[in-house]
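The values are calculated or read from the model by the stated rules, or taken from the named source; none is laboratory data. Because the structure is a prediction, the values reported are computed rather than measured. Here the Cβ positions follow ideal geometry from the backbone for every residue, glycine too, while neighbour counts run over all protein chains shown.
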Amino acid sequence: MEIRLEDFIYPQITKDELYPPNIVDQWLMGYEGFKNKGNIHAYAHFVKRNANIIMKAELSGNIIGVCSRCLEDTVIPINTDMTIIFLPQSQQRKPSNGEEIELQSDELDVEYYKGNVIDVDYLIRESLILAIPYSPLCSETCKGLCPHCGNNLNKDSCSCSKEQDIFNRIKINIF
Ligand SMILES: [Zn+2]
Ligand SMILES: [Zn+2]
């Protein structure tokens, strides 16, 4: 998704884009076990004030990831939003001797643009990556894998825990 300064005939623009599966897979490259589950939809609203452009964007869709307990593929819903202010690069201040960079508001991410076109795809990608949960789960109640035999305990049970109990009792009896 990109916007051009000349598109702002009115100070507000709304844009909509469906990122197809091959793009989503490119974005997820390097994130092992993660892949597309169809399109990712981005909906963005831009407001221009003088040379500053504020973008509010929403991302929605699904991706495939790996459950951190049972290691099965699982659908991860993506629903996230971002607010970014674009300032012209001429406004980017470099700290001179001993001067500290003035920190921007925490709630607002600041990006700088130059020229007449702002391509926001890198921000859409970043937002998607940040929306991936640290430990995805196929279900809150996922039972995970048996630590003894590796059996997926969601699918069927194994007799390891019982055998382990008996083994422990025998050990206690011996010592
Ligand atoms: Zn699971
Ligand atoms: Zn087992």
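Identify the residue in region 59-94 that is of a type in the set (Lys, Arg) and free of Cβ contacts under 8 Å to residues at least 60 places away in the same chain and, among all such residues, is surrounded by the fewest Cβ atoms within 10 Å (Cβ to Cβ).
The selected residue is 94.
State all residues of region 139-156 that are in a loop (DSSP other than H, G, I, E, B), among the hydrophobic types (A, V, I, L, M, F, W, C) and more than 7 Å from ligand 2 (Cβ to nearest atom); if no residue qualifies, say none.
Selection gives 142, 153.
Tally the residues that are polar (S, T, N, Q) and either assigned to a loop (DSSP other than H, G, I, E, B) or not assigned by TED's automatic domain parsing to the domain that holds residue 113 (or both), restricting the search to region 1-55.
Residues that pass the stated criteria total 1.
Does region 31-44 contain at least one residue that is at pLDDT below 95, surrounded by fewer than 19 Cβ atoms within 10 Å (Cβ to Cβ), within 30 Å of residue 160 (Cα to Cα) and within 16 Å of ligand 1 (Cβ to nearest atom)?
Yes, region 31-44 has at least one match.
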